[in-house]
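The values are calculated or read from the model by the stated rules, or taken from the named source; none is laboratory data. Predicted model only: the values in this text are computed from it and were never measured. Please note: Cβ atoms are built from the backbone with ideal geometry, for glycine as well, and neighbour counts cover all protein chains shown.
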Amino acid sequence: MNVFKTTLAAALMLGGAAQANTIVDIAAGDDRFSTLVAAVQAAGLAETLSGPGPFTVYAPVNEAFAALPDGTVETLLRPENKAQLTDVLLYHVDDRALRSTDFAAGANYYKPVLTSARLCITSHSGVTIADGTGETANVVIADIHADNGVIHVIDKVLLPGNRPACH
């Protein structure tokens, strides 16, 4: 059983006696999110995303970061690019705890913490998220509950840009 399943099982079995499992705690305990965790730390967002929330985080797996053009992750992780990295990461965060059942049926705009941007989230036999590039991420695991919100695992890094078409 991988670390994530072990952590989740322990939290479920212990109920109220479990230690706090924030979004950052859960992501840091799962090797599939090591790139995301490194980026959150480089941007200085770990403390914020460990705070009381509530938050919804659309969490890209390592393979999603690896699919970006060569050198993109390394460039974003440089200290001089912290503002750009922060914008990309905040595009993955909503300041509400949204479970998959909270997404309205059909295609609807949602406003991430990056206030000038929008995501188009479509809920119909699964959940997809269109970003500012017009490309779509799939929610591959929904509704991982943390003490301060919800994590939805996605297969693409969401990038801000133009308002996605949402019809």
Worksheet item: Of all the residues that make up segment 116-167, how many are closer than 20 Å to VAL24 by Cβ and assigned to a loop (DSSP other than H, G, I, E, B)?
Response: 4
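In the list GLU63, GLU47, which residue meets the criterion of being in contact (Cβ under 8 Å) with a residue 12 or more places away in the chain and not aliphatic (A, V, I, L, M)? Show your work before the answer.
Values: GLU47 fails: in contact (Cβ under 8 Å) with a residue 12 or more places away in the chain.
After applying the criteria, what remains is GLU63.
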Worksheet, complete the sentence: ALA97 passes all but one of the listed conditions (1) within 12 Å of CYS166 (Cα to Cα); (2) within 14 Å of the chain's Cα centre (by Cα); the exception is number (1)
Worksheet item: Somewhere in segment 107-115, is a residue surrounded by 15 or more Cβ atoms within 10 Å (Cβ to Cβ), assigned to a helix (DSSP H, G or I) and either out of contact with any helix residue (DSSP H, G or I) (no Cβ under 8 Å at 6 or more places or on another chain) or modelled with pLDDT of 95 or more (or both)?
Response: no
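Would you confirm, using the coordinates I've provided, whether ALA10 is at pLDDT below 95, out of contact with any helix residue (DSSP H, G or I) (no Cβ under 9 Å at 6 or more places or on another chain) and on the phi < 0 side of the Ramachandran plot?
Here the answer is yes, as ALA10 does meet what is asked.
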Discussion item. If I filter segment 51-89 down to residues being assigned to a loop (DSSP other than H, G, I, E, B) and in contact with a helix residue (DSSP H, G or I) (Cβ under 6 Å, 6 or more places away or on another chain), which single residue comes out as modelled with the lowest pLDDT?
Written reply: LEU77
Item to complete: Could you please find all residues in segment 123-149 being touching a residue at least 40 places away in the same chain (Cβ under 8 Å) and of a type in the set (Val, Ile, Thr)?
Response: ILE129, VAL139, VAL140, ILE144
Practice prompt. Determine whether ALA104 is in a loop (DSSP other than H, G, I, E, B), out of contact with any Pro (no Cβ under 7 Å at 6 or more places or on another chain), farther than 23 Å from LEU76 by Cβ and of a type outside the set (Ser, Thr, Tyr).
Written response: yes
